[in-house]
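Let me begin by presenting the structure, written as structure tokens, before commenting on it.
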Amino acid sequence: MKLSLVAALLLSRAVAGATGFTDIGQDFPRGDDHLSFKLDGYLRARGEALGNLDLDRGLLPSGQPLFPVPLDDPKGQWLSHADMRLRTNLAAYAPGGGVAVKVQLDTLDNEALGSMPDGVPYASLTQRPQGAIFSLRRAYGEALLPIGLLAVGRMGNQRGLGMYANGGDCLDCDAGDSVDRLAFLTPLFGHVFAVAFDYSATLALDPRADNRTIAVAPTSNVRSVTLAALRFKTDLSRERRQRAGRTTFEYGLLGSYRWQDGDVPAAYLPAPASGPVALTPAEVMGRGAKYYLADGYAHLTHPEFFVAAEAVY
């Protein structure tokens, strides 16, 4: 059993920034002839009471319980937890509204309330600062072109309902998927068509003299190409139609191809006790990985109910 309570203070009505193809480029100001900024986000505090989540199974073959159990009470069933997060989205729009740069920052992300007491716990009057104060989750740019919209950088990764890829933008989400992507979107025949090239993984990086790095095993890089056709409404349009008693049907179809010809496991596996392994030609192995993915989803928003479905293969 899990009982939870979530409280959030919103800085504005919009939260979480762009997540998928349906969100990119939706908030450009219209007619502004000066540099403008937009700030939104939320402060979230939540608590949980967790009862018997190990289902009384005892220890697994690994010697660990299915879910943590009280260490100080062999017959105990309940555990509790509380944490917080401050999420901030900042966007800067160039004069004319055709170019935008956006970032998303998390502070004290999922930090347990009461953690890191300063000194002896029962006598502590304060908490020590968290080691990594800010977590930069997204940083990307958008540019309106005569034939569509271009987006480049690290952005949220969401498909449909989030079964396969989930941006994690809900108030109670713990994490979220991000992707280093170059995407182009254009409206055509009442739909939005998108094509994206993803730098899914870059391995075997060696330093350069100019404080940059270079991938010295190009076949080990993981790359992805995605094509999508979407029909959707903005949140405001959907709400207006719902208040007017109208039904809104939205859908999308996405296809992806991902590949990795070679691999360098020493670049990402835990280093042995003797220290990091020097990358040599002997560390390169064949991988021959090829993945094809199809994702279709549909939303039906009726004035009285909402139905959605997604299928991934």
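The values are calculated or read from the model by the stated rules, or taken from the named source; none is laboratory data. Given the structure is predicted, the values throughout are model-derived calculations rather than measurements. Note: ideal-geometry Cβ built from the backbone for every residue, glycine included; neighbour counts use all protein chains shown. Please note that ligands, DNA and RNA were not included when accessible areas were found on the heavy atoms of the full protein model with its side chains. Shrake-Rupley method; radii C 1.70, N 1.55, O 1.52, S 1.80 Å.
Conditions tested, residue by residue: (1) at positive phi; (2) modelled with pLDDT of 90 or more.
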position: Gly47; (1), (2): no, yes
position: Ala94; (1), (2): no, yes
position: Glu111; (1), (2): no, no
position: Met116; (1), (2): yes, no
position: Ser124; (1), (2): no, yes
position: Arg128; (1), (2): no, no
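Are any residues in the stretch 95-129 among the aliphatic types (A, V, I, L, M) and buried (at least 17 other Cβ atoms within 10 Å of the Cβ), and if so, which ones?
Ala100, Val103, Leu105, Leu108
Condition test on Asp118, is it within 28 Å of Ser200 (Cβ to Cβ) and of a type in the set (Asp, Glu)?
So Asp118 fails the test.
Tell me which residues, restricted to the stretch 163-184, are assigned to a loop (DSSP other than H, G, I, E, B) and under 20 Å from Gly41 (Cβ atoms).
Matches in the stretch 163-184: Asn166, Gly167, Gly168, Asp169, Cys170, Leu171, Asp172, Cys173, Asp174, Ala175, Gly176, Asp177.
Within the stretch 204-217, restricting attention to residues that are in contact (Cβ under 8 Å) with a residue 40 or more places away in the chain and over 26 Å from the mean Cα position of the chain (by Cα), which residue is surrounded by the fewest Cβ atoms within 10 Å (Cβ to Cβ)?
Among residues in the stretch 204-217 that are in contact (Cβ under 8 Å) with a residue 40 or more places away in the chain and over 26 Å from the mean Cα position of the chain (by Cα), the one surrounded by the fewest Cβ atoms within 10 Å (Cβ to Cβ) is Asp206.
Given (1) farther than 23 Å from Glu111 by Cα; (2) surrounded by fewer than 11 Cβ atoms within 10 Å (Cβ to Cβ), where does Leu71 come up short, assuming only one miss?
(1)
Is it the case that the stretch 115-127 has a residue that's within 22 Å of the chain's Cα centre (by Cα) and among the aliphatic types (A, V, I, L, M)?
No.
Could you look through the stretch 25-70, keep only residues that are outside any loop (DSSP other than H, G, I, E, B) and free of Cβ contacts under 8 Å to residues at least 24 places away in the same chain, and pick out the one that is farthest from Leu3 (Cα to Cα)?
By that ranking, first place goes to Leu59.
Could you tell me whether the stretch 219-229 includes any residue that is modelled with pLDDT of 95 or more and open to solvent by 80 Å² or more (accessible area, probe 1.4 Å)?
Yes, that holds for at least one residue.
From Ala132, Ala143, which residue is of a type in the set (A, V, I, L, M, F, W, C), part of a strand (DSSP E or B) and either open to solvent by less than 50 Å² (accessible area, probe 1.4 Å) or modelled with pLDDT under 90 (or both)?
Ala143
If a residue must be of a type in the set (A, V, I, L, M), farther than 27 Å from Val216 by Cβ and modelled with pLDDT under 95, how many such residues does the stretch 245-264 contain?
Final tally of qualifying residues: 0.
Here are some residues: Asp198, Asp174. Which one is at pLDDT below 90, under 18 Å from the mean Cα position of the chain (by Cα) and not polar (S, T, N, Q)?
Being at pLDDT below 90, under 18 Å from the mean Cα position of the chain (by Cα) and not polar (S, T, N, Q) holds for just one of Asp198, Asp174, which is Asp174.
I'm checking my understanding of the structure. Among residues of the stretch 1-25 that are polar (S, T, N, Q) and modelled with pLDDT under 80, which one is nearest to the chain's Cα centre (by Cα)?
Thr19
Tell me, which residue of the stretch 265-313 that is acidic (Asp, Glu) and modelled with pLDDT of 95 or more is least open to solvent (accessible area, probe 1.4 Å)?
Checked the stretch 265-313; the qualifying residue least open to solvent (accessible area, probe 1.4 Å) is Asp295.
List pairs: first residue in the stretch 131-156 and under 30 Å from Pro117 (Cβ atoms), second residue of a type in the set (S, T, N, Q) and part of a strand (DSSP E or B) anywhere in the structure, Cβ distance under 8 angstrom, at least six positions apart or on different chains.
Ile133/Thr107; Phe134/Thr107; Ser135/Thr107; Leu136/Gln104; Arg137/Gln104; Arg137/Ser178
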